[in-house]
Amino acid sequence: MKGFIAALKAEIYVTLRSQSARIILLLPTLIILVRAIVVKLSESSQQARDALLGQAQIATEGSNAWGQLVDSFSVGLTFLTLSMLAYAAWSFANDADTGVIRHALIRRVSRPWYVVAKLVNIHLLALCTLALLSISIVIISALLWDFGPVVEDGYELISSAEIQEEVMLGLRLAILPLPAALAFGLLVSVLAQSATQAVTSALGLSLAFDVFKGVLGERAYYVYASFQPSLIDQSYLQDVSRLVRGYSDVMIDTQMLQLNEWVPIPQMALFVVIALLVVQRKSV
Amino acid sequence: MSSAVMSNALPIKVENLSKRFGEFEVLRALNLEVVDGAIHGLVGLNGAGKTTTLECLLGMQQFNAGDVRLLGYPPSQLHRSQGGVVSIFDSPSLHPQLTVRQALEHALLLCEKPVRTPAQVESLLGISQYSQFRVRTLSLGNRRRTSIAQALLGSPRLVILDEPFNGLDAGGVEDVMALIRQLNQEEGTAFLLSSHQLAYLEKICSHLSILHQGQIVVSDRVEQLFNQQSSQLQIHCDDVVRACSIVQGIPGVTIQDNSEQGVLTLELLQVDSAYINQQLVSKGIMVKQLLWKRASLNSLFHSITARENDEQVAS
């Protein structure tokens, strides 16, 4: 355990001084800030054009902050997942490439604790990135739009409290696969022969699954990656995005929600166990 | 295993270590012992298996057969030696984005019992002026010094160095050798130095093992190894012809050259030069000068590896 603490401290020390960790921390937030500003500018120009055409009374559906908040989370979490996946894949393999892993293993840390320390450190970075992303999204959404219930023809379709509840559920379900994605990245890192191979393999496999999950149909729900926001997004956050805009045709698949709850964590545990077994015999 | 057992254990004990890469057998039942307080050189041709041996010792590679113990611990349990073993590899293993000081502070976090501060080891290795430089901007020599500085933060019982003199200038080599001697003498640290730079090893090693074709073919104290080798003695005297007739009868002496005026060159095998001198003087030869030419590590290495090759061809 002392070895684990030492390894974790050493990992955090390097992460705090790492340029790539800083980029990962800021990138999703910068992307959603740019996106929010572009959307707002686009809305404003649309409103100005409508005013010129005498249609100013027509409210644009994007003017409710909830929809923008959910979209921002969807985009932000997609980039967060991809960048953290790349970072996790790079981490162990890069230490093996540069040889720095040898110092730790010879001096103080057993191989399994070294991997666990890496996993914890990656999760801490993901947590910080998520916290910064969430705070930024809430602030920018509140600054540029107004939070409120969905109202149509004077009727309140969904109250703010109901929206909040759905958004929280959507976020929880979207974040649940993240630890599994990080563990998958680390597993690839442990298996790979170099950092370049690890990053390209992890991203390649993840994007390939994204492309093919439509073909797999319901079977795709037995893979954690189906539930994470992605470039071809099938996560529950997509449904929430429509729901908070007042679309009534959103069908909630309860089986999918249950699988979303139960599939990612066991898969994460499986990836970690395989990584711990592989690292015991790996040449570094 | 109790710590008492560990403190009595040899720094390195390797028995019948074998390692294959596919069909190619890199190490063949290799045996090696490094005793306490030794500066042990491991020499071998390129591809002889030096780095593979070190990597197996340090648990970086799995081996196929054999038993390896460092301070009594198997390679997979080295972290339990509480910093008793440190190693420095051929390519300096450092985070390139950290500064020299940060690299040392990082190593300090992994050091069980630090005995020196980063500033102290920087000063010891002469890299204080590079303290705020990023590792990736340093020359190979200074990266190597930083790597060695990391090792000196603690007080290890065994230091394993792979090609420690690569990339160092003459001053750097002298500094590193002085440090090795200092640690060895003051703290009793045992060293295993793997290198092909025989001239440097000759200056510093107390013990030597020659690795050839995956096996240790010779392993002993350096003086013992040289004693087993023939050496040359050049005698400047007044009567070479008479001197020749006197030394001819001495066992272990072969006349190499007597063609030069007043100079006789002999090859000696386990014969003391003082004895030759006494024999000549006692028989009335005026000896003006004795020049002793001990075999170099280089010649020793080549004669042993050539002999092994011949034996292998013969068998």
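Tabulated results
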quantity	calculated
Failed condition for A:GLN193, given (1) part of a loop (DSSP other than H, G, I, E, B); (2) surrounded by 19 or more Cβ atoms within 10 Å (Cβ to Cβ)	(2)
Yes/no for B:SER87 being in the same structural domain as B:THR189 (by TED's automatic domain parsing) and in contact with a Gly (Cβ under 7 Å, 6 or more places away or on another chain)	no
Residue in the stretch A:55-72 that is under 16 Å from the mean Cα position of the chain (by Cα), closer than 24 Å to A:VAL199 by Cα, of a type in the set (A, V, I, L, M) and more than 14 Å from chain B (Cβ to nearest Cβ) present	no
Failed item, numbered, when B:PHE21 is tested on (1) more than 12 Å from chain A (Cβ to nearest Cβ); (2) over 25 Å from B:LEU183 (Cα atoms); (3) of a type in the set (A, V, I, L, M, F, W, C); (4) surrounded by fewer than 18 Cβ atoms within 10 Å (Cβ to Cβ)	(1)
Residue selected from the stretch A:3-22 under the condition free of Cβ contacts under 8 Å to residues at least 40 places away in the same chain and more than 7 Å from chain B (Cβ to nearest Cβ), by the criterion nearest to A:LEU119 (Cα to Cα)	A:ILE5
Residues satisfying the stated conditions in the stretch A:271-283, i.e. touching a residue at least 60 places away in the same chain (Cβ under 8 Å) and either assigned to a helix (DSSP H, G or I) or more than 12 Å from chain B (Cβ to nearest Cβ) (or both)	A:PHE271, A:VAL272, A:ILE274, A:ALA275, A:LEU276, A:VAL278, A:VAL279, A:GLN280
Residue within the stretch B:111-133 that is facing another protein chain (nearest Cβ under 9 Å) and either in contact (Cβ under 8 Å) with a residue 12 or more places away in the chain or over 26 Å from the mean Cα position of the chain (by Cα) (or both) present	yes
Residue check for B:ARG20: of a type outside the set (Phe, Trp, Tyr), assigned to a strand (DSSP E or B) and touching a Ser or Thr at 6+ places or on another chain (Cβ under 7 Å)	no
B:SER273 touching a residue at least 40 places away in the same chain (Cβ under 8 Å) and within 30 Å of B:LYS288 (Cβ to Cβ)	yes
From the options B:ALA107, B:ALA103, B:ALA119, residue that is assigned by TED's automatic domain parsing to the domain that holds B:LEU153, more than 24 Å from B:ASP169 (Cα to Cα) and outside any loop (DSSP other than H, G, I, E, B)	B:ALA107
Selected residue [under 25 Å from B:LEU183 (Cα atoms) and touching a residue at least 40 places away in the same chain (Cβ under 8 Å)] from B:LEU71, B:LEU45	B:LEU71
In the stretch B:48-61, residue farthest from the other protein chains (Cβ to nearest Cβ) [restricted to those that are part of a loop (DSSP other than H, G, I, E, B) and touching a residue at least 40 places away in the same chain (Cβ under 8 Å)]	B:ALA48
Within the stretch A:24-44, tally of residues that are at pLDDT 90 or above and either outside any helix (DSSP H, G or I) or not β-branched (Val, Ile, Thr) (or both)	11
Selected residue (criterion: farthest from the chain's Cα centre (by Cα)) from residues of the stretch A:75-124 that are within 13 Å of chain B (Cβ to nearest Cβ) and of a type in the set (Ser, Thr, Tyr)	A:SER110
Some residue of the stretch B:183-195 being in contact (Cβ under 8 Å) with a residue 12 or more places away in the chain and at positive phi	yes
Qualifying position, being modelled with pLDDT of 90 or more, touching a Leu at 6+ places or on another chain (Cβ under 6 Å) and not assigned by TED's automatic domain parsing to the domain that holds B:LEU192, among B:VAL281, B:VAL287	B:VAL287
Index of the failed condition, B:GLY284 passing every other in (1) in contact (Cβ under 8 Å) with a residue 60 or more places away in the chain; (2) surrounded by fewer than 12 Cβ atoms within 10 Å (Cβ to Cβ); (3) small (Gly, Ala, Ser)	(1)
Criterion: modelled with pLDDT under 90 and in a helix (DSSP H, G or I) - qualifying residue of A:VAL215, A:VAL188	A:VAL215
The stretch B:94-110, subset more than 10 Å from every other protein chain (Cβ to nearest Cβ) and of a type outside the set (Val, Ile, Thr), residue nearest to A:GLY99 (Cα to Cα)	B:LEU104
Conditions (1) crowded, with 21+ Cβ neighbours inside 10 Å; (2) outside any loop (DSSP other than H, G, I, E, B); (3) modelled with pLDDT of 90 or more: number failed by B:ARG69	(1)
Breaking point among (1) among the aromatic types (Phe, Trp, Tyr); (2) farther than 30 Å from B:PRO92 by Cβ; (3) within 14 Å of another protein chain (Cβ to nearest Cβ), for A:TRP145	(3)
Single residue of B:GLU267, B:GLU308 found to be outside any helix (DSSP H, G or I) and either basic (Lys, Arg) or surrounded by 14 or more Cβ atoms within 10 Å (Cβ to Cβ) (or both)	B:GLU267
Top-ranked residue of the stretch B:79-93 - restricted to ones that are at the interface with chain A (Cβ under 7 Å from one of its Cβ atoms) and over 17 Å from B:SER194 (Cβ atoms), ranked as surrounded by the most Cβ atoms within 10 Å (Cβ to Cβ)	B:HIS79
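Residues are listed down the side, and each one gets a yes or a no for (1) of a type in the set (A, V, I, L, M, F, W, C); (2) surrounded by fewer than 16 Cβ atoms within 10 Å (Cβ to Cβ):
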| residue | (1), (2) |
| --- | --- |
| B:LEU104 | yes, no |
| B:LEU109 | yes, no |
| B:PHE133 | yes, yes |
| B:LEU140 | yes, yes |
| B:ARG143 | no, no |
| B:ALA149 | yes, no |
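The values are calculated or read from the model by the stated rules, or taken from the named source; none is laboratory data. Given the structure is predicted, the values throughout are model-derived calculations rather than measurements. We place every Cβ from the backbone using ideal geometry, glycine too, and count neighbours over all the protein chains shown.
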